[in-house]
Amino acid sequence: MFMKNKLNRIILLLCLSLFVCLADAEAAQLETITKVLDIDDYRGTVCDYKGDITGSSFSLNDEMVTLQPQLRVKNQLGYKKIAGGCIKLMSQDGSHEYVSFPIGNEESVQAYKIHADTGREFLLVKVILGAADGSSSFVNFWLIGKNGEEYVTYATKETLDKAGLLYDDLAINIKAGQLEMMGYSRLYGNGSFFGNSKFKGRRYRRVFWKYGTVGSLYFFWDDKANWFGYRLVNV
């Protein structure tokens, strides 16, 4: 009887282990990130805004959609610059508007399609404010996806701030099945050495600066919540 009970316990533990392994295997892992829209405008430069100014069409969750710019344009010293507006996610035939993303004065926008191993796809739209010196400042982002027949927003700049991520701008990558948003900031020094550099625009002298990584926020898909979770990793 003792041996039978022990064998039953072993079989139960093996079944539980198999269940956990299967649950992990079924969790969505993010695989690829592809840029689907890029519109550039740099404050302080003498050039027209450029990029996908007429929009971009692509497949998202087996549906053809369009990111359609609706931008106001101003004349600045004879050059065309963005004066605000929005980017709209629409059905390709234009009959349905799903989400609208606001764009400010002389801001640039990039959009990325994120593909998971389950076949599910998400869209990330990032807005930055570029400058003539090649630097940029992060303005906002939206991580969205389809939940049933509706698009929902999983995360925005407010999520980054709530999590405590420090940044001037962000680099976006896929790492170990998760979306990494790496925050980096300008470091200012009082000379050619950066031993006393500080983050987030706390300057000694503007002449001497460079970028440094501050930390990363990782977004992962939570099957139970049917939503994105996140974790902060500081450098």
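Where a number appears in this text, it was derived from the coordinates with a stated rule and is not lab data. Just so you know, these numbers come straight off a predicted model, no measurement behind them. Note that each Cβ is placed from the backbone with ideal geometry, even for glycine, and that neighbours are counted across all protein chains shown.
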Expected vector for region 169-182, Karplus 3J(HN,Hα) from phi with 6.51, -1.76, 1.60 and θ = phi - 60°, integer Hz, x for Gly and Pro, equals 9, 10, 10, 10, 9, 9, 9, 6, x, 10, 8, 9, 10, 8
Note, ³J(HN,Hα) from phi for region 101-107, Karplus 6.51, -1.76, 1.60, rounded to Hz, x at Gly and Pro
10, x, 10, x, 4, 6, 8
Return the ratio Rg/(2.2 N^0.38 Å) for region 35-75, where Rg is computed over Cα atoms only.
1.43
Among K113/K146; K50/K146; K146/K224; K88/K113; K35/K74, the pairs whose Cα-Cα distance exceeds 19 Å are K50/K146; K35/K74
What length, rounded to one decimal in nm, is gained on full extension from A171 through to K74, with 0.36 nm per residue of separation minus their alpha-carbon distance?
32.0 nm
Can you list the HN-Hα couplings for region 72-82, worked out from phi with the Karplus curve (6.51, -1.76, 1.60; θ = phi - 60°), rounded to whole Hz and with x for Gly and Pro?
7, 10, 10, 9, 10, 6, x, 10, 8, 10, 6
For E63, which sequence-distant residues (separation of 5 or more, or a different chain) have an amide H within less than 5 Å of its own amide H, given hydrogens modelled in the peptide plane?
none
Expressed in nanometres to one decimal, the distance between label points 7 Å along Cα→Cβ at K224 and T32 is 3.2 nm
Kindly state, to the nearest 0.05, the FRET efficiency for N105 paired with T213, given R0 = 35 Å and r defined as their beta-carbon distance.
0.75
